[in-house]
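*Asks:* Just passing along the structure, written as structure tokens.
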Amino acid sequence: MLRRWRKRGAMRSGDGYADDNVVHTGGIGKDGTASPKDPTRPGVFLYVMEMPEATLIDVWENVPRAP
């Protein structure tokens, strides 16, 4: 999956990967949201946080509808 996202322009950003079209705000999981700057373009955001009691994974992907 990361290989596919890298082809779309996702770059390493801290503990995650993101491209320039998806903006993530808030915390990880239910405490956060993400939205595309341009809904007509694909976009991705992936964040992984390892903690002693759990591993949190937050994935957002914008897939535009075909015209």
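*Asks:* Just for region 28-67: of the residues that are small (Gly, Ala, Ser) and in contact with a strand residue (DSSP E or B) (Cβ under 9 Å, 6 or more places away or on another chain), which one is surrounded by the most Cβ atoms within 10 Å (Cβ to Cβ)?
*Replies:* Gly43
*Asks:* Now a separate question. Pairs needed: first member in region 39-58, free of Cβ contacts under 8 Å to residues at least 40 places away in the same chain and under 13 Å from Gly14 (Cβ atoms); second member anywhere, in a strand (DSSP E or B) and acidic (Asp, Glu); C-beta distance under 9 Å; at least 6 residues apart or different chains.
*Replies:* Note: pairs meeting the criteria are Phe45/Asp58; Phe45/Glu61; Tyr47/Asp58; Val48/Asp58; Met49/Asp58.
The numbers here are math on the coordinates, done by the rules we state, and not lab data. As the structure is a computational prediction, the values presented were derived from the model and not from experiment. A quick note on method: Cβ atoms are made from the backbone with ideal geometry, for glycine too, and the neighbour counts reach across all protein chains shown.
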